[in-house]
Every structure is written in C-alpha cells, then in structure tokens.
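What follows is a short report on a single structure.
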Amino acid sequence: MASESELNAGIEDGVRRRDFINIAAVSFAGVGAVAVVLPLVNQMNPSADVLALSTTEIDISAIQPGQAIKTSWRKQPVFVRNLVAKEIAEAKAVPLSDLRDPQTIDERTKPGKENWLITLGVCTHLGCVPLGAAEGENKGDFGGYFCPCHGSHYDTAARIRKGPAPTNLVVPPYEFTGDTVVTIG
Amino acid sequence: MSFPWAKPYEPKHPLMKWMDEKLPIPRLVYNATGPGYPVPRNLNYFWNFGVLAGAALMIQIITGIILAMHYAANVGVAFNSVEHIMRDVNAGWFIRYAHMNGASMFFIVVYLHIFRGLYYGSYKAPREMVWLLGVVIFLLMMATAFMGYVLPWGQMSFWGAQVITGFFSAIPIVGEPVRQWLLGGFVPDNATLNRFFSLHYLLPFVILGVIILHIWALHIPGSNNPTGIEVKDEQDTVPFHPYYTAKDGFGLGIFLLVFVALTFFSPNMLGHADNYIPANSLSTPAHIVPEWYFLPFYAILKAFTFNFLWIDAKLWGVIAMFASIALLFFLPWLDSSPVKSSTYRPLYRWFFWVLVADVLLLGWCGMQPAEQPWVILSQLGSIYYFAHFLVILPIVSRIERPLPMPNSITEAVLAKHAPDAASGPAAA
C-alpha cells in the first residue's frame, strides 16, 4: 500500500496525478466507444449495391402527345409525359408568385424538348405515386397529377399547386441520347 | 415497498427456505402479486386492463416467435412465406390470425387502460413516473406494430413503410438522408424489410423491460382507485391474491372470448384487403389508410393542408402528429387539480367525455379520403385535441370546484351501501 504522502505526491491546485489518469483513461475509452458506434450506425445507410444506381434508357417514340408512361429508375417510378401545346401554355400562364415552389416549365424541361416532362412519380409529401399518368386517371384540379394519399394537386408542369406536398415533383438527372431515347441517371 | 401491514413472506418448506436464501424469486412474486401486496379494496373492472395488456403482449410474443420459424424476411419470398403459413403450415392460419388480431386486442386494452388513467387521474402525483413509462410503452408499441405490418410485404405494408418513413423527410436539411438511413435505400426494399424484421423481434422484449419498470414504479405508491383517495390504513386494502387475481382472471376470460371471436369469426375485419396484394413499388393503392389504432394520429397528420408561418404543411403535419403523443409526457403537470378522480370533478368529467368523442371523431376522419368535409373536421378535431391539453385542462383544474369527498376509501365504499345498512343488518 502506498502511503498517504506518496498518493498525494505531485498535487498542484488540488488535482492529483490519479485524477488526471482517471479522466484520461475514461476519455480514451469514450473515444474508442464512439469509434465503434460509427460503423454500427453507418451500416444502416444504403449499401454499395443499392447505391450503384443503374442508368435507365427509355424509348419515348411510342408516346403520343397528351399521353404519359410510367417507368422506373432506382426502383422509383418515373413519369414521362408528352405535353400538348395547350398544357405548355397553361403552365406558362401561371405567374411564378402563385407557386409554392417557383419554377418555370423551361427550368423543368430540356431546351427544344419542352414537350417532354420527365419527373419522378413520387409525391414530395410522403412518397405515394400520384395518379394522372395513365389514361382515365384523376389528374387533379390543375390537369397534371393528383396524389390520392393526402390530396396534393400538381399542374401540367408537375408543380405543386394545392395540398400538403412542399415541393414540385422531382426532375431526375437525364439526357436525350437520341431523338427518341432518354437516359435517366 | 409496500404498506406496513403487508403480509410478510414466511416460507415453511425447507426447499422454499433454501430458495429464499439463494434467489428470492418466490418472495418477489409473493410481495408483488400475492398476499404480500395490499391493494385498494374498491378497484372496479377498469383496473383489469393493465393485466390484460400484459396478457396481450405474452400472446404476441408467443405467436410471434412461432411465426418467425416459418417466415422469411426477403422481398422475393416474404409475401409467399406468409401465404405458406396461411395454407401449408399446420395451424399456421390460426397462429397468424391470432398474431394479427392480437395486435388489435393489445391496442384496444391499452387505449382503455390509458383512458382509465385519464378519467381517474392515475397520471397525477405520486404516480407521474408510472404514467411517463406508460407513454414510452405506447410509443414502443406503435413502432413495433408498424414494423410488424410491413413484414407481409403486401401493398399496404409497402406503402405504409413509404409514407411513415416519409415523415422523417419532412425534417429540414437532414430529412432525406435520415430517411435513406432508415430505409437503407431510396425506397422500401430488401434492406428495409430485413431491419424491420430484426427490430420487430427485438422491440417486444424492450417493451417487456419497460413494463417491469412501469410495475416497479407503480408498486411504490400502490394502485390508484376509483375515488382517487390515497390508502390510509389497512381497512382500505385487500391482498392482491386472491382478491384481484380472481377479478383479473374473470376479466381475462372475457378478453379471451372477444379475442377468439374476432380471430375465428372475423379475422380480417380490422385489416385491409389491399395487403393481400403483393407489394408493387409503381402503384399506390387508391386509398391508403393505416391500421385502425393509428387513425386519430393519421387524421392530425392530414389536417395540415396549407403552409403556415415559415413552416411548410408537410412539416406541420408531422410535428403535430408527434406532438399529439409527446403532449402526454407533460400531462401530469398540465393538470394542477389536487383531486384525481373525475367522480369528484364535475367540470373535468364533461371535458373528458368530449375528448373521448374528439378522439373517436379524429379516428373516423383518419379513415376517410383527403377531401371535404373530412379535412375541415380533422382540422377542428385536431385543434380541440390540443386545446384540451394546453388550454382547457390548465384552466379547468384552476377554476373547478370539486364535489365533497369522503375521508377514506372505506368511507366511500360504506357510503355506497348505506341504503342497505338502513334496511337490514346484511350490510356489514
């Protein structure tokens, strides 16, 4: 057993050497614990195979004006819509100040291809697939898409107009790789 | 802890004496649910629901462990493995239907248990901790039930997972990464199904642990009772066994009758037909609704259809929905009335029943499509729900004049039988 004087050796300002060792040891163990928790938390993030997002090629030659198709990219639905002139005019007629998420139709389509509206078919509220892509489905009050889950209405440029969704339907990254071929991703 | 007059545990058999010295489990049981635990003599049948909730949890754990022996958590086969349980596994249909309806029974008894607490003021001092732990159990139950509903990988499973994990995407900036972290992908998929299965198996045991804390916290002051008056002496109590083991046993019999009637005669009454369609990530069912026990909260979520202040509608809905439950954590301090039981609270009693009606209305609205008049009714119902806890309750508990109260539980019990005492000697 160490004597009292030995234990108290090196005391300055009331701090013993042993206090320092205790704090240092617990801190070091704490850093180690945090280092172990990181991979335990990170394993829940999307894994490499999920992240290895494939690009999807779509043939749009068969889509007539006024029609839309539903396809999928990264397991999420994608709407490809061939807008008619009236729908484009309707979208252009809306003042940006009326929009919750202000964007012009030109910002949402490619130059010279503004009749092709390509968006994710995922409602920005809670992720349901809106109606309006297939023939005869409810297109909502603004002639675009309507989400039946919680009643969000999108216009002909797939912009949010009414209901709980905060933003417009997302335009995924895509390019025209041919006259009638679109590559998403 | 218990009352000083609690019957002490005195093992007579040498084996029990030996056991008592090594591992005093018989002593624990005797003092917690046996003759060694004195309980108010006047508990009514509303005091059955705690034990019934415990029974429901045990049914879920037993049937769940069996189902896990036959189920496969992989998006390719999950749906078919549930059909395999229903069609091929011996008595599989019975065990699955029992598990499905057992969840509903669990929520029914827990809701009655919660409203019992609200009516009789069981959340008040000295039982705040019992109430707080109860709210934790309720939240864990909701998480467990949600993840269990995803496992069959039907349409409702998939879209339920999509919508509920979507709540988290409402959080500013980190919302979408958090959602992807929860899902392990961009949409609910195999990673999601696997982790939900793992957690669905884990959480019931966490619930069991919190229930032990809930009972431990309860046994320090002892049970509340219909008068809300604390126990004063021995004549206010009876031993738990045999008095309440018998009363709870009778209630358990009724509970089981309802449970088997539901399971055998109407097993899909509380479910949704859409969940017998395999999950399809490209098509949302026309009308998606959660299980009945989430409907009032779902109505609050749907009530926000407009942006308000600088927060958007989506975030408001999610905040309001979580707040509607989080509010319960503050209940013991929102109600400052020293009187517990509604029997002696003439004003609060009315507002209690209005709250019950409001929650039922919200549940009804939660079931309806997002159209008028349901939207406006959800909005009014949500406003009232919050007003009840944040405005009405604090005011009522200050201005209310309670009815005259008896001095003790025994006095209240004897007063009830006073007419008998006048008519004959049988009243003793």
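The values are calculated or read from the model by the stated rules, or taken from the named source; none is laboratory data. Everything quoted here is computed from the prediction, not taken from an experiment. We place every Cβ from the backbone using ideal geometry, glycine too, and count neighbours over all the protein chains shown. When the accessible area is computed, the model is the full protein with side chains, heavy atoms only, and any ligands, DNA or RNA have been set aside. Shrake-Rupley method; radii C 1.70, N 1.55, O 1.52, S 1.80 Å.
Annotation: B:GLY184 fulfils all but one of (1) free of Cβ contacts under 8 Å to residues at least 40 places away in the same chain; (2) surrounded by fewer than 20 Cβ atoms within 10 Å (Cβ to Cβ); (3) within 10 Å of chain A (Cβ to nearest Cβ); the unmet one is (2).
Restricting attention to region A:68-111, the residues being in a loop (DSSP other than H, G, I, E, B), more than 13 Å from every other protein chain (Cβ to nearest Cβ) and within 16 Å of A:ALA158 (Cβ to Cβ) number 8.
Check B:LEU208, B:LEU199 and return the single one that is touching a residue at least 24 places away in the same chain (Cβ under 8 Å), within 13 Å of chain A (Cβ to nearest Cβ) and closer than 25 Å to B:ALA55 by Cβ.
The unique qualifying residue is B:LEU199.
Taken over region A:12-51, the criterion of being of a type in the set (Gly, Ala, Ser) and either closer than 18 Å to B:ARG179 by Cα or touching a strand residue (DSSP E or B) at 6+ places or on another chain (Cβ under 6 Å) (or both) is satisfied by A:SER47, A:ALA48. Can you name the residue in region A:112-132 that is closer than 24 Å to A:THR55 by Cα, within 14 Å of chain B (Cβ to nearest Cβ) and of a type in the set (Gly, Ala, Ser) and, of all such residues, is surrounded by the most Cβ atoms within 10 Å (Cβ to Cβ)? The qualifying residue surrounded by the most Cβ atoms within 10 Å (Cβ to Cβ) is A:GLY121.
Considering the conditions (1) closer than 24 Å to B:PHE294 by Cβ; (2) in contact with a Leu (Cβ under 9 Å, 6 or more places away or on another chain), B:PHE79 is excluded by exactly one of them, (2).
Taken as a whole, the structure leaves A:ALA157 outside the set of residues that are open to solvent by less than 60 Å² (accessible area, probe 1.4 Å) and within 14 Å of chain B (Cβ to nearest Cβ).
Of everything listed in (1) open to solvent by 50 Å² or more (accessible area, probe 1.4 Å); (2) more than 18 Å from A:GLY132 (Cβ to Cβ); (3) polar (S, T, N, Q); (4) touching a residue at least 24 places away in the same chain (Cβ under 8 Å), the single unmet condition for A:GLN67 is (2).
A quick yes/no check of all residues on (1) within 14 Å of another protein chain (Cβ to nearest Cβ); (2) β-branched (Val, Ile, Thr); (3) touching a Ser or Thr at 6+ places or on another chain (Cβ under 6 Å):
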{"position": "B:HIS214", "(1), (2), (3)": "no, no, no"}
{"position": "B:ASN224", "(1), (2), (3)": "no, no, yes"}
{"position": "B:TYR243", "(1), (2), (3)": "no, no, no"}
{"position": "B:GLY251", "(1), (2), (3)": "no, no, no"}
{"position": "B:PRO278", "(1), (2), (3)": "no, no, no"}
{"position": "B:ALA286", "(1), (2), (3)": "yes, no, no"}
{"position": "B:TRP292", "(1), (2), (3)": "no, no, no"}
{"position": "B:TYR298", "(1), (2), (3)": "yes, no, no"}
{"position": "B:THR305", "(1), (2), (3)": "yes, yes, no"}
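Kindly indicate whether B:GLY253 is farther than 28 Å from B:GLY102 by Cβ and either modelled with pLDDT of 95 or more or of a type in the set (Gly, Ala, Ser) (or both). So B:GLY253 fails the test. When B:PHE168 is tested against (1) open to solvent by less than 20 Å² (accessible area, probe 1.4 Å); (2) in contact with an Asp or Glu (Cβ under 9 Å, 6 or more places away or on another chain), only condition (1) is not met.
Which of the following residues is open to solvent by less than 30 Å² (accessible area, probe 1.4 Å), within 14 Å of chain A (Cβ to nearest Cβ) and either among the basic types (Lys, Arg) or within 30 Å of B:ASN225 (Cα to Cα) (or both): B:ARG127, B:ARG179?
Every option except B:ARG179 fails the conditions.
Scanning region A:101-133 for residues that are within 21 Å of B:THR284 (Cβ to Cβ) and β-branched (Val, Ile, Thr) yields A:ILE118, A:THR119, A:VAL122, A:THR124, A:VAL129.
Identify all residues within region B:43-69 that are free of Cβ contacts under 8 Å to residues at least 40 places away in the same chain and open to solvent by 70 Å² or more (accessible area, probe 1.4 Å); write none if there are none.
Answer for region B:43-69, where residues must be free of Cβ contacts under 8 Å to residues at least 40 places away in the same chain and open to solvent by 70 Å² or more (accessible area, probe 1.4 Å): B:MET58, B:ILE62, B:MET69.
Filtering region B:265-280 to residues that are touching a residue at least 40 places away in the same chain (Cβ under 8 Å) and either of a type in the set (A, V, I, L, M, F, W, C) or on the phi > 0 side of the Ramachandran plot (or both) leaves B:LEU270, B:ILE277, B:ALA279.
Return the total of residues in region A:136-154 being buried (at least 21 other Cβ atoms within 10 Å of the Cβ), within 14 Å of another protein chain (Cβ to nearest Cβ) and either over 15 Å from B:ALA370 (Cα atoms) or touching a Phe, Trp or Tyr at 6+ places or on another chain (Cβ under 9 Å) (or both). Residues flagged as buried (at least 21 other Cβ atoms within 10 Å of the Cβ), within 14 Å of another protein chain (Cβ to nearest Cβ) and either over 15 Å from B:ALA370 (Cα atoms) or touching a Phe, Trp or Tyr at 6+ places or on another chain (Cβ under 9 Å) (or both) within region A:136-154 amount to 7.
Residues in region A:40-67 that are among the small types (Gly, Ala, Ser) and within 13 Å of chain B (Cβ to nearest Cβ): A:SER47, A:ALA48, A:ALA52, A:SER54. Scoring B:ASP233 on the criteria (1) modelled with pLDDT of 95 or more; (2) farther than 17 Å from B:ILE108 by Cα; (3) exposed (fewer than 14 other Cβ atoms within 10 Å of the Cβ) leaves a single failure, condition (1). B:ILE62 satisfies every condition listed in (1) in a helix (DSSP H, G or I); (2) within 30 Å of B:ILE409 (Cα to Cα) except (2).
So for region B:351-366 (the condition being more than 15 Å from B:TYR385 (Cβ to Cβ) and open to solvent by 10 Å² or more (accessible area, probe 1.4 Å)), does at least one residue qualify? Taking every residue of region B:351-366 in turn, none turns out to be more than 15 Å from B:TYR385 (Cβ to Cβ) and open to solvent by 10 Å² or more (accessible area, probe 1.4 Å).
Matching residues to (1) at pLDDT 80 or above; (2) under 21 Å from the mean Cα position of the chain (by Cα):
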residue	(1), (2)
A:GLU6	no, no
A:ALA24	yes, no
A:VAL34	yes, no
A:ASP49	yes, yes
A:GLU57	yes, yes
A:LYS75	yes, yes
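Contact annotation: residue pairs with Cβ atoms under 7 Å, 6 or more positions apart or on different chains, pairing a residue in region B:347-366 that is more than 16 Å from B:PRO394 (Cα to Cα) with a partner that is surrounded by fewer than 18 Cβ atoms within 10 Å (Cβ to Cβ), are B:VAL356/B:PHE115; B:LEU361/B:LEU377; B:CYS365/B:LEU377.
Among the residues of region A:161-173, those that are more than 19 Å from B:THR284 (Cα to Cα) and either free of Cβ contacts under 8 Å to residues at least 60 places away in the same chain or within 14 Å of chain B (Cβ to nearest Cβ) (or both) comprise A:ARG161, A:LYS162, A:PRO166, A:THR167, A:PRO172, A:PRO173.
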